[in-house]
Amino acid sequence: MDFRFDLVEQYMPYFLRGTLITIEFSILGIIFGTIVGLIIGIGKMSENRVIRFPFVWYINFFRGTPLFVQILLVHFAVIPTLTGKTNAFLALVVALSINSGAYISEIFRAGIQSIDRGQMEAARSLGMTHRQAMRLVILPQAVKRMIPPLGNEFIVLIKDSSLGAVIAAPELMYWGRAMQGQYYRPWEPYLTVALIYFVLTLLLTYLVNYIERRVSTE
């Protein structure tokens, strides 16, 4: 294998730019996905079947269909319908957010339900409303237990953002494909892209482990 480092060096500014945009996509996706996931998770735990129904099927749909298809639907159908024209950056953020929200909702549900029900009863006996008890008593305890799975979801999100290349979102994989298309050489662009993704996910894994250790000692 004749690996040409000079080509990698030539494209490195584009890879760095794509890496920053990949991180931006992932951060926005996890932020909005967490907001969506909290709403969906709480909705799914409703005792009212009518209220619970749409939240359950939201999770079923977005966990049961490929993210690739969701990105194409959002890019070519949803965003143009709402704004009149499509936008790759917006489409990828929306697709990542609504997809991760379905998975994060289950993380929230499992975390909240893992807290002993006596905690809620004790909080209510002290005069707290259900919302106050959830915000001040249940969620702070649940969040500690949700850190590992939320970290894993963030790692998955970083890798899933590579699907944005198919709609020309200028993230890391987009520039890998651009380099391959220009030079017709697969090893240099795709090995470089793989290495950058590996470094990103490895650093995030260490960060999540560090946060988990800090939280567990408090």
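No value in this document is a laboratory result; all are computed from the given coordinates. For clarity, every value in this text was computed on a predicted model and none was experimentally measured. When we count neighbours, we look across all protein chains shown, and the Cβ atoms used for this are built from the backbone with ideal geometry, even at glycine.
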Take the Cα pairs of the stretch 1-49, get the Kirkwood Rh, then feed it into Stokes-Einstein at 10 °C and 1.306 mPa s and tell me D in µm²/s.
112
In nm, the gap between the two label points placed 7 Å beyond Cα toward Cβ at residue 49 and residue 177 is 4.5
Kirkwood-type radius of the chain, with distances r between different C-alpha atoms, in Å
19.3
Residue 20 versus residue 3, label points 7 Å from Cα toward the beta carbon: distance in nm?
2.7
Among all the aspartates and glutamates, which ones have a C-alpha under 16 Å from residue 44's C-alpha, if same-chain residues fewer than 8 places away are not counted?
106
